[in-house]
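Reviewing the structure listed below.
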Amino acid sequence: MRSLLSLLRAMLGSLRDLAPIILVIAFFQLVVLQRPMPDIGGVFLGLTFTVLGLTFFVYGLEMGLFPLGESMAYQFAQKGSLSWLLLFAFCLGFGTTVAEPALISVAGEAANAAANAGFIEDNPAARAGYADGLRYTVAVSVGLAILIGVFRILKGWPLHYMIMGGYVIVVVMTAFAPAEIIGIAYDSGGVTTSTITVPLVTALGVGLASSIRGRNPLVDGFGLIAFASLTPIIFVMAYGMLI
């Protein structure tokens, strides 16, 4: 019974989160464009599936993966094995990013745009290779970002200096990177911090900071996502400069 009530609360939360998007689309479609909704039945069915999918996804994260991430971080910290902890951090960042739906979508669109602009051959193999290269470049960069972020928590290094140094590198690289890759690089930094990566990486940071004496989960536990959104910009611009 308690699980059912939690699921219903999650569904109401999903409806509340989607309501502004639905209202904006409906307002501009009906009031500004003054056109009826095309295929209203399909739109309603799609919204229903979206609400259900978002509900089960978020509920599953909160019930299983979020506590698991905190628990594993705590156990690695208690075990005292730095190498295994850093390897786990890299694999977590890499794995969640590879599975990120937003990144898969952006990589595919970037490959189509590159093919249409003549930067790569316009065939399925070339597009797939370009998209996979971009996707795995971002995944490796996020894995390294989480590894660095975990090491920062262990050492107690200040977050703001590292973030400022990273953006100095971004600004310098922007002046030398090909113009065609800059927009993709900046967008890659945003799409990595989405539905799969953020909950698990945040759970890792908070769990790790909670298990180390002298660390504050609020101050030290958060900030991994900042690294995860910064390093893809650097790596994708380097990818563009090399490829």
Pairing a residue in segment 115-126 that is surrounded by 15 or more Cβ atoms within 10 Å (Cβ to Cβ) with any residue that is among the charged types (D, E, K, R), where Cβ atoms lie under 6 Å and the two sit 6 or more apart in sequence or on different chains, gives Ala115/Asp122; Ala115/Arg127
For Thr192, the lone unmet condition from (1) modelled with pLDDT under 90; (2) surrounded by fewer than 17 Cβ atoms within 10 Å (Cβ to Cβ); (3) closer than 22 Å to Ala111 by Cα is (2)
Condition test on Ala111, is it aliphatic (A, V, I, L, M), crowded, with 21+ Cβ neighbours inside 10 Å, over 23 Å from Leu85 (Cβ atoms) and more than 17 Å from the chain's Cα centre (by Cα)? yes
Inside segment 87-101, the number of residues satisfying the requirement of being under 18 Å from Gly129 (Cα atoms) and part of a helix (DSSP H, G or I) is 3
Would you check if there is a residue in segment 222-232 being at pLDDT 80 or above, open to solvent by 30 Å² or more (accessible area, probe 1.4 Å) and β-branched (Val, Ile, Thr)? yes
Quick one: in segment 202-243, of everything that is part of a helix (DSSP H, G or I) and among the aromatic types (Phe, Trp, Tyr), which residue is farthest from the chain's Cα centre (by Cα)? Tyr239
Residue check, Trp84 against (1) outside any helix (DSSP H, G or I); (2) loosely packed, with under 13 Cβ neighbours inside 10 Å; (3) of a type outside the set (Val, Ile, Thr), all met but one. Which one? (1)
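Sort out which residues of segment 114-133 are more than 26 Å from Phe94 (Cβ to Cβ) and assigned to a helix (DSSP H, G or I), and write them in order of number. Give the derivation first.
Our first condition is that a residue be more than 26 Å from Phe94 (Cβ to Cβ); within segment 114-133, this holds for 115-119, 121-123.
Matches in segment 114-133: Ala115, Asn116.
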Restricting segment 127-166 to residues that are free of Cβ contacts under 8 Å to residues at least 24 places away in the same chain and charged (D, E, K, R), which is most open to solvent (accessible area, probe 1.4 Å)? Lys155
Let me confirm something: among Phe76, Phe57, which residue is surrounded by 14 or more Cβ atoms within 10 Å (Cβ to Cβ) and farther than 21 Å from Arg215 by Cβ? Phe57
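The values are calculated or read from the model by the stated rules, or taken from the named source; none is laboratory data. Since the model is a prediction, treat every value here as computed from it, not as a measurement. Every residue, glycine as well, gets a Cβ built from its backbone with ideal geometry; the counts of neighbours run over all protein chains shown. Please note that ligands, DNA and RNA were not included when accessible areas were found on the heavy atoms of the full protein model with its side chains. Shrake-Rupley method; radii C 1.70, N 1.55, O 1.52, S 1.80 Å.
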